[in-house]
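Novice: Structure provided below as structure tokens; questions to follow.
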Ligand SMILES: [Zn+2]
């Protein structure tokens, strides 16, 4: 069996000390372009799956996450991706295209990746979610208490988030609620989720079909070498990203 390309945020390991701009402790990565599409002007739609997101106690988190997406798509975080332009594809600022809460169907306490893909494709068919364009990325947030299972791996046991492309060709990122220390990384839920979401956003832009965009065979995608190495941008916690040019996480 061939391993799938790395596209997850692993659990935080508390021993990792990091200063932005300093080379990562991991062996230097060198991402190379594999010929596939990039999301050159990402259109991010924010999907909250589950009635739990309608709880008044969740509204500040919901608004914080949507505010983050709105900010980050036209921020310096996107500018720093331009070193990964290709002769035919230039990465520019994106757009936040809105948000929806999906309650029917409700997520089970354990949802598989294929259940997430089905939800996405059905809600788009039903027009509860906007149709996909070649630049669309659906960010799917799961509420507390819901475990995501992808292959044999579970959220909070192996990963804190991932991105992929569905069979219908929709690009999506999955952001389970950080119900464990390994996915909080010493942060509060909002900061932990913006860190993981920034990682997946940058990877979905530069490697939307995992392994067919910018990829390093031993280190994975742009965010993987730098997992949990965070910085502040516009008041939000974002993860640093591997720069071929700087040979560091920046
Ligand atoms: Zn990653």
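The values are calculated or read from the model by the stated rules, or taken from the named source; none is laboratory data. Note that the structure is predicted; figures quoted are calculated from it, not measured. Glycine also receives a Cβ, built like all others from the backbone with ideal geometry; neighbour counts cover every protein chain displayed.
Novice: Consider residue 156 carefully, then state whether it is in contact (Cβ under 8 Å) with a residue 60 or more places away in the chain, away from the ligand (no atom under 15 Å from the Cβ), within 17 Å of the chain's Cα centre (by Cα) and surrounded by fewer than 22 Cβ atoms within 10 Å (Cβ to Cβ).
Specialist: Considered against the rule, which asks whether it is in contact (Cβ under 8 Å) with a residue 60 or more places away in the chain, away from the ligand (no atom under 15 Å from the Cβ), within 17 Å of the chain's Cα centre (by Cα) and surrounded by fewer than 22 Cβ atoms within 10 Å (Cβ to Cβ), residue 156 comes out as yes.
Novice: Looking only at residues in the range 164-185 that are touching a residue at least 60 places away in the same chain (Cβ under 8 Å) and in a loop (DSSP other than H, G, I, E, B), which one is surrounded by the most Cβ atoms within 10 Å (Cβ to Cβ)?
Specialist: 185
Novice: Turning to a different aspect of this structure: Evaluate the range 60-70: report whether one residue or more is touching a helix residue (DSSP H, G or I) at 6+ places or on another chain (Cβ under 9 Å), modelled with pLDDT of 95 or more and not in a helix (DSSP H, G or I).
Specialist: The answer is no; no qualifying residue exists.
Novice: Could we say that residue 13 is modelled with pLDDT under 95, within 16 Å of the ligand (Cβ to nearest atom) and either in a loop (DSSP other than H, G, I, E, B) or within 21 Å of the chain's Cα centre (by Cα) (or both) here?
Specialist: yes
Novice: Please specify each residue of the range 173-197 satisfying the condition of being within 14 Å of the ligand (Cβ to nearest atom) and within 19 Å of residue 67 (Cα to Cα).
Specialist: Hits for the range 173-197 are 173, 174, 175, 195, 196, 197.
Novice: Determine the pairs where a residue that is more than 11 Å from the ligand (Cβ to nearest atom), located within the range 221-233, has a partner that is in a loop (DSSP other than H, G, I, E, B) and at pLDDT 95 or above with Cβ atoms under 9 Å apart, the partner being 6 or more residues away or on another chain.
Specialist: Going by the 9 Å Cβ cut-off, the qualifying pairs are 229/240; 230/187; 230/240; 231/240; 231/250; 233/75.
Novice: Turning to a different aspect of this structure: Filtering the range 198-220 down to residues that are within 17 Å of residue 83 (Cα to Cα) and assigned to a helix (DSSP H, G or I), which residue is farthest from the ligand (Cβ to nearest atom)?
Specialist: 205
Novice: Further, regarding this structure: Being crowded, with 16+ Cβ neighbours inside 10 Å, within 16 Å of the ligand (Cβ to nearest atom), more than 30 Å from residue 107 (Cα to Cα) and modelled with pLDDT of 95 or more is the requirement here; does residue 39 meet it?
Specialist: No, not satisfied.
Novice: Let me confirm something: among 161, 145, 98, which residue is modelled with pLDDT of 95 or more and buried (at least 17 other Cβ atoms within 10 Å of the Cβ)? If you could, list the steps in order and put the result at the bottom.
Specialist: On the way: 145 fails: buried (at least 17 other Cβ atoms within 10 Å of the Cβ); 98 fails: buried (at least 17 other Cβ atoms within 10 Å of the Cβ).
Checking each option against the conditions leaves just 161.
Novice: I would also like to ask the following. When the residues of the range 124-137 are narrowed to those that are outside any loop (DSSP other than H, G, I, E, B) and touching a residue at least 60 places away in the same chain (Cβ under 8 Å), which ends up farthest from residue 197 (Cα to Cα)?
Specialist: Ranking the qualifying residues of the range 124-137, first place goes to 136.
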